[in-house]
Amino acid sequence: MAPGVFHGAMTTVRRAVLTLPAAPLGPDNPLPALRAPAGAGAHAVDAPTLAELPRDMARAIGRAPLRSLLPTAVRDGYGRERTPTDLDSIVIENDRLRATVLPGLGGRIHSLHHKPTGRELLYRNPVFQPAAFALNGAWFSGGIEWNIGATGHTTLSCSPLHASTVRAPDGGPMLRLWEWERLRDLPFQVDLWLPEGSDFLYVGVRVRNPHERPAPVYWWSNTAVPEDRRIVAPADAAWHHGYERGLRRVPVPVTEDGTDRSYPLNGAHAADWFYDLAEEQRRWIAALDTDGTGLVQTSTDPLRGRKLFLWGTERGGRRWQEWLTEPGTPGYAEIQAGLARTQLEHLELAGGAEFSWLEAYGPLAADPAAALGDDWAAARADVERTLAGALPRDAVDAAYRAWREGAADSAPEETLAAGSGWGALEVLRGRHDLPGTPFPESTLGPEQAPWLELLRTGVLPPPANGAAPGVPLVAAPWRDMLETAPADPSTEYHLGIAQWHAGDRAQAVRSWERGLKEATACWPLLYCLAVADREDGHPDRAAERFAEASADHEAASGPRDASRHPDDSRDASRHPDDPRHAPRHSADCETVAATLGREAVEALLAAGRPDRARSLWGGLPERARRSGAFRLLEARLLLAEGRKDEARAVFDAGFEVADLGEGAEILGEVWARLTDEPLPYAYEFRMRPS
């Protein structure tokens, strides 16, 4: 048997390499993510709408909204220059199906190929292009993704998961993916297997709450399919959510305006359609081609929700489609399945409990005359009849029981990929027993090292002289440890972040102010205080503190000398392999300078201080100022200075803001201040009706 190939009857699990044109992810944002997700407004519901919703739905929508992205980092260091890149993949294959999984990118299923027909069942993106759609930034389109955490795309979209082979319920090989989701502090697992001769990929999912307290839970499995399909689901109504922040129950497939919404290309604007399935209804959703064939997804009953997401045919939706892949590539829509009726809701998981279910993905060949006809009831009935013949409902229920009782707790056998060390740290702290999903101490790394020291000694070691602060932790047990640890600027910095996350903003500010009195590197604390000022409605003071933080970092870093290679700036008397003595002008240092500078210039503009913003602008790293985000910022600065023609010239020269967020309208807003001309297509990313 070849290394890395695991056989079970006719099913194999093997390592492979997938080569795609890919943009590098780049460094994470070095500043703590103190604010709510940038795209939170796009998924909001206004108060009048909320008051009209069913009480249980309104309660679930209001459950535990994110105050910030802590403890995760924002991932905004990527660009848009793609080069051929080898991506580690894992292939699960039997004689009927071949699934290609990307363990280093959230466990995404990149491809699901049906061998007998030669059909690709998913929308398979021909490139890897990050864009700012995940809760924490970097996300990419295509395939099947596993979303856990809070409303939106998971913070693990572009992160590695642990991966291993396990024995499937039928004795063949199964691929297990697992990680510790940090927004909600919960471990989860995704088990994928192909029974011998099966046309369906089985996916067992479990989310566990190892804590004593209840936890809010969000899960949606999102599947990208070509947008020229008909989407069929067993419902006569849906909850419609658009980017205008409404949520209303409407008939489907034909809405009040006479439009058949089962075809994504019939929609003008980006929108969500959450199908309202009856309690007793079998859970499924299908995407069918003009001949009645396509993909069907079904599940056990706990995965209640089903949804269609479409980009729409207006310019903004088409531009986003191009942005996420390559011009000339066919567009896609998403069919989704979740624990709640809508993605705006979160369920409560009791302490010590779990949510678990089984999903199945495979081909479907319905009667096109019925499935694509005008009689919606007949279309639904034909798809459900065809599904029952291909995969009966009781077979899915039996497969779930066999997995949950005989395989979900099975120990992993052969390691195929490694995730982060955060789960290992939490298992050590909480002494959690999690059969089936081990988080070994061998996965602990440099990010966890200071916290391991705090756990073992009660002291949080400070970062190396001149280094950026380490990754924060904010859960209550870590906050308690920080409160009793010896106080120094680094501990006060992390304690303030944990207090901020807990909602005690006044105490967080006091902690940061205490730390500032003794700090030699002030910029991390000044940054936190600046965010607090901005959130509390003090834009002038916030702007000054952002500027102070940028200046302090610049002073601590010393003058830049572009003629020297970064490695040459190391003190020759220090050991070259000591990470505490890394180059002062490394990429990390430049990243901090650029990130702080961008925040400071934006804050100064918001406070009406273009003069101060201009003086700071000149000190920003030249490479950063050439990037699209800073070109937009330059146009805004020029506009604030009354130099409208020069600002217009920036747009005319062209730029791309790589980390432009979902629902962002800043490009259109700035353009409207420059001219009455229509917004050029290159800058058209608006996702709601004008």
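The values are calculated or read from the model by the stated rules, or taken from the named source; none is laboratory data. Being a predicted model, the structure only gives us computed values, none of them experimental. Virtual Cβ from ideal backbone geometry, glycine too; neighbours counted across all protein chains shown. What goes into the accessible areas is simple: the full protein's heavy atoms, side chains included, and nothing from ligands, DNA or RNA. Shrake-Rupley method; radii C 1.70, N 1.55, O 1.52, S 1.80 Å.
Structural remarks
- Annotation: residue 687 carries an accessible surface of approximately 10 Å², with a 1.4 Å probe and no ligand, DNA or RNA atoms counted.
- Cα gyration tensor category, rounded, prolate or oblate, for the range 406-495 with a/c compared to 1.5: prolate
- Here is the list for the range 316-416: GluC sites (Glu not before Pro) lying in DSSP coil, each with at most 15 other C-beta atoms within 10 angstrom of its C-beta, are 413, 414.
- Note on the chain: antiparallel DSSP beta bridges, both residues inside, total approximately 95 percent of the bridges counted.
- The range 138-179 shape via C-alpha gyration tensor axes, a/c threshold 1.5: prolate
- The range 187-196 - phi-based ³J(HN,Hα) in whole Hz, Karplus 6.51/-1.76/1.60, Gly and Pro as x: x, 8, 9, 10, 9, 10, 8, 10, x, 4
- Around the amide H of residue 211, modelled in the peptide plane, lie the amide H atoms of 352, all under 5 Å away and 5 or more residues distant in sequence or on another chain.
- For residue 170, net neighbour charge (Lys/Arg +1, Asp/Glu -1) across residues whose Cβ lies under 14 Å away: -1
- Cα→Cβ-extended label distance, 7 Å offset, between residue 315 and residue 291, nm: 3.9 nm
- Taking all protein chains together, 522, 158 sort by accessible area into 522, 158, largest first [probe 1.4 Å].
- Helix-only CD estimate at 222 nm, as mean residue ellipticity for the chain, using -39500 (n - 2.57) per DSSP H run (n ≥ 4): -9000 deg cm²/dmol
- Rounded, prolate or oblate (a/c below 1.5 giving rounded, otherwise prolate when a/b exceeds b/c) for the range 57-136 by Cα gyration tensor: oblate
- Amide H to amide H, with H built 1.01 Å from N, residue 658 comes under 5 Å of 628, 629, counting only residues 5 or more places away or on other chains.
- Of the whole protein surface, residue 115 contributes about 70 Å² of accessible area at a 1.4 Å probe radius.
- Per residue accessible area of the chain, 1.4 Å probe, in Å²: 40 Å²
- Residues whose amide H lies under 5 Å from that of residue 97, counting only those 5 or more places away or on a different chain, are 115; hydrogens are built 1.01 Å from N in the peptide plane.
- Surface share of carbon and sulfur [accessible, 1.4 angstrom probe, percent] for the chain: 50 percent
- Protein-only accessible surface at a 1.4 angstrom probe places the residues 230, 545, 15, 643 in the order 15, 643, 545, 230, largest first.
- Point-to-point label distance, residue 326-residue 414, nm (Cα→Cβ direction, 7 Å offset): 3.3 nm
- 3J(HN,Hα) along the range 148-162: 10, x, 8, 3, x, 7, 4, 5, 8, 3, 10, 10, x, 10, 5 Hz, from the Karplus curve 6.51 cos²θ - 1.76 cosθ + 1.60 with θ = phi - 60°, whole Hz, x for Gly and Pro.
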